[in-house]
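Everything on this sheet refers to the single structure shown next.
Bear in mind these aren't lab numbers, they're just calculated from the coordinates by the rules spelled out. Treat the numbers as computed from the prediction; the structure is a model and nothing was measured. Counting neighbours? That spans all protein chains shown, and the Cβs are built from the backbone with ideal geometry, glycine included.
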Amino acid sequence: MSSVQHVLGIECTAHTFGCGIISSEAAVLSNIKSEYTPKAGGIHPREASQHHTEFASATVKEALQRSGLTLSKIDAIAFSSGPGLGPCLRTGATVARMLSLLIDKPLIPVNHCIAHIEIGRAITKEDDPLVVYVSGGNTIVSAYSDGRYRIFGETLDVALGNCLDTFARALGLPHPGVPKLEALANEGKIFIPLPYVVKGQDMSYSGLLTTAIRQIGKTEPKDLSLSLLEVAYGMLAEVTERALAHTEKASVLLTGGVARSLRLQRILASVCREHNARFYVVPPDLAGDNGAMIAWAGYLAFRENLSVPVECSFIRPKWRLDEVEVPWRK
Ligand code: AMP
Ligand code: MG
């Protein structure tokens, strides 16, 4: 199976339609994305999927053009089959099936969370880290053990990125919320106590979000932003620290869209220093949802014969990270 040299990956779980092409040496040949931004409020699944339908063709064409390859030089097609929003996943899967049929090459379903982890491992060349995966839709602390990525802590309700984005919107800040919120928090001076909720190894962000929103108008936005970030990141740091002590991994890898947060990077780097662990962050252009990471995870799966016929290429909106066998790690 080592004849596979170029994999094209389609990302389409939520706000982003992405197409990336990667080589068997994990060189990113192109990575193009088109992002849906709601006019008001959070992501509307049907509107997002309509955006993806509209921009799919141009995104795929541009990814091919930038890579310098024609479709005939692509050896396999990978796509995010979950977890994610049903209408968005369906659009991405349809595009991927069509491409696979067109060039008569294998179709590989990829778990989106696995892709965030694997691109981080490949780029940092860190083989076995404890992974902190934080994005708009996911908050997971995970490590590989015995054939799977096991979960050592996750959110019980809203994801970290979603919590911060929702609060940023309530303050009237434009999308993407997290960097705007952090800029505001950098001017904050006063810490206001907010609900810090860690249950066992899991985090709950919904009460924190509601309380912070209720404080708007009663507290300076900069102090409120500072306090929200301190509590939200503090909860994640606590869970990460215990997972690190328990798993005894020698490093931590921060991945996902919120990995671009310098404030979060500083906090987790200090946790790592305390435990003599190495700290790695996925580069900014590969942190958010993108097609190249799907292509890379697809390549790893293809080497293990994990392609599927088109008629079995279902989407899996609730596909958990810890349900997936990862034979390439054995
Ligand atoms: P993803 O779902 O992986 O694409 O990540 C989206 C999340 O990343 C959203 O919560 C954004 O607010 C957040 N984000 C975007 N840019 C940045 C940044 N520069 N620093 C921190 N978070 C960011
Ligand atoms: Mg993501």
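Grab the beta carbon distance between K330 and E47, set R0 = 41 Å, and tell me the FRET efficiency rounded to 0.05.
Once the sixth-power term is evaluated, E becomes 0.45.
Within the range 235-255, list the residues whose amide N lies under 19 Å from a label point set 7 Å along Cα→Cβ of S270.
235-245, 252-254
Out of N138, N305, N111, any idea which swings most in a Gaussian network model of the chain, alpha carbons joined below 10 Å?
With Cα springs under 10 Å in the chain, the top fluctuation among N138, N305, N111 is at N305.
Full-extension gain between T37 and D322, please, as 0.36 nm times their residue separation minus the C-alpha to C-alpha distance.
Full extension of this stretch gives 99.6 nm more.
Rounded to the nearest whole Å³, what is the per residue volume of the convex hull around the Cα atoms of the range 209-280?
Measuring per residue, one finds 97 Å³ for the Cα hull of the range 209-280.
So, with +1 on the Cβ of K and R and -1 on the Cβ of D and E, and no other charges, what is the size of the charge dipole of the range 128-286 about its Cα centre, to the nearest 20 debye?
Rounded to the nearest 20 debye, it is 200 debye.
May I ask which residue of L64, M203, I103 lies farthest towards the positive end of the charge dipole of the chain, with charges of +1 (Lys, Arg) and -1 (Asp, Glu) on Cβ and the Cα centre as origin?
Among L64, M203, I103, the one farthest towards the positive end of the dipole of the chain is L64.
Suppose the chain between K189 and S206 were pulled fully straight at 0.36 nm per residue; how much longer would it get relative to their current alpha carbon spacing?
Gain on stretching K189 to S206: 3.7 nm.
Which entries of K33/K180; K199/K318; K125/K318 show an alpha-carbon separation above 26 angstrom in the structure shown?
K125/K318
Calculate the dipole size of the chain relative to its Cα centre from +1 charges on Lys and Arg beta carbons and -1 charges on Asp and Glu beta carbons; express the result in debye to the nearest 20.
That gives the chain a dipole magnitude of about 320 debye.
R0 = 25 Å: FRET efficiency of K125 with S145, Cβ-based, nearest 0.05? Please report the intermediate quantities before stating the final value.
Values: r = 21 Å, r/R0 = 0.82.
With R0 = 25 Å, the Cβ-Cβ based efficiency is 0.75.
Where the centre of each part is set by its Cα atoms, how far does the range 225-265 sit from the range 1-45, in angstrom?
Cα centroid of the range 225-265 versus Cα centroid of the range 1-45: 25 Å apart.
Whole-Å semi-axes of the chain's equivalent ellipsoid, largest first, each the root of 5 times a Cα gyration tensor eigenvalue?
34, 23, 16
What is the calculated FRET efficiency for H175 to K199, with r their C-beta to C-beta distance and R₀ = 35 Å, to the nearest 0.05?
Details: r = 30 Å, r/R0 = 0.87.
Efficiency at R0 = 35 Å is approximately 0.70.
Specify which residue in the list P221, L194, V231 is farthest towards the positive end of the charge dipole of the range 128-286, using unit charges on the beta carbon of Lys, Arg (+1) and Asp, Glu (-1), about the Cα centre.
Sorting the options by dipole projection puts first P221.
Could you give P(r) for the range 162-201, binned at 5 Å from zero, as whole percent values over all Cα-Cα pairs?
6, 21, 21, 23, 17, 9, 3
Among 130-136, 233-239, what's the highest-first ranking by average C-beta atoms within 10 angstrom per residue?
Averaged packing, sorted descending, gives the order 130-136, 233-239.
Fewest to most neighbouring Cβ within 10 Å: what's the order for W328, W296, W319?
In order of increasing Cβ crowding within 10 Å: W328, W319, W296.
According to a simple spin-label model (label point 7 Å from Cα along Cα-to-Cβ), what is the distance in nm between R214 and M98?
With each label placed 7 Å out from Cα toward Cβ, I get 4.9 nm.
Hey, what's the Kirkwood Rh for the range 128-286 if you take every pair of different alpha carbons, in angstrom?
Hydrodynamic radius (Kirkwood, Cα only) of the range 128-286 equals 15.7 Å.
What is the projected area of the convex hull of the Cα atoms of the range 186-244, averaged over all directions, in nm²?
Average of the hull's projected areas for the range 186-244 equals 4.1 nm².
For a bin width of 10 Å, list the pair-distance distribution of the range 120-200 built from all Cα-Cα distances, rounded to whole %.
Reading the bins upward from 0: 15, 35, 32, 16, 2.
Using alpha carbon centroids, what distance separates the range 73-87 and the range 131-166, in Å?
Cα centroid to Cα centroid, the span is 20 Å.
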